[in-house]
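Asker: My questions will all concern the structure given below.
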Amino acid sequence: MEAKSNKSTEALKISGDWSQQADDLKDKFPQLTDADLKFERGKEEDLIKRLELRLHKKREEVINIIKKVQPTTV
């Protein structure tokens, strides 16, 4: 139970070119708008909440979706 609560409070770090990632998300989820995907450093929580509402998904799912479009670093 503790591990799950830690996961739900997990901080999301956006790295790389957000405009490219936003385009990838729009390709996968056509219902997303530019306003939904507006991102400002330090306001990751606002982005997550907007995507939760638009995609009808839970926080953890939204974070995983965003992580999948993020560039991998070695």
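The values are calculated or read from the model by the stated rules, or taken from the named source; none is laboratory data. Keep in mind that this is a model prediction, so the values were computed, not measured. Please note: Cβ atoms are built from the backbone with ideal geometry, for glycine as well, and neighbour counts cover all protein chains shown.
Asker: Six or more apart or on different chains, Cβ under 8 Å: which pairs go from a residue in the stretch 48-74 that's closer than 14 Å to residue 15 by Cα to one that's of a type in the set (Ser, Thr, Tyr) and part of a loop (DSSP other than H, G, I, E, B)? Could you list them?
Answerer: 70/15; 71/15; 73/15
Asker: Could you look through the stretch 45-74, keep only residues that are in a loop (DSSP other than H, G, I, E, B) and under 13 Å from residue 16 (Cα atoms), and pick out the one that is nearest to the chain's Cα centre (by Cα)?
Answerer: Looking at residues that are in a loop (DSSP other than H, G, I, E, B) and under 13 Å from residue 16 (Cα atoms), I get 70.
Asker: Please go through the stretch 10-27 and give me each residue that is within 17 Å of residue 54 (Cβ to Cβ) and free of Cβ contacts under 8 Å to residues at least 12 places away in the same chain, ordered by number.
Answerer: Within the stretch 10-27, 23, 26, 27 qualify.
Asker: Next up: Among the residues of the stretch 25-44 satisfying the criterion of being modelled with pLDDT of 95 or more and part of a helix (DSSP H, G or I), which is surrounded by the fewest Cβ atoms within 10 Å (Cβ to Cβ)?
Answerer: 27
Asker: Okay, next question. Quick one: how many residues across the stretch 1-22 are at pLDDT 50 or above and assigned to a helix (DSSP H, G or I)?
Answerer: Adding up the residues that qualify gives 5.
Asker: If residue 67 passes every condition in (1) loosely packed, with under 12 Cβ neighbours inside 10 Å; (2) of a type in the set (D, E, K, R); (3) modelled with pLDDT under 95 but one, which one does it miss?
Answerer: Of (1) loosely packed, with under 12 Cβ neighbours inside 10 Å; (2) of a type in the set (D, E, K, R); (3) modelled with pLDDT under 95, only one is false for residue 67: (1).
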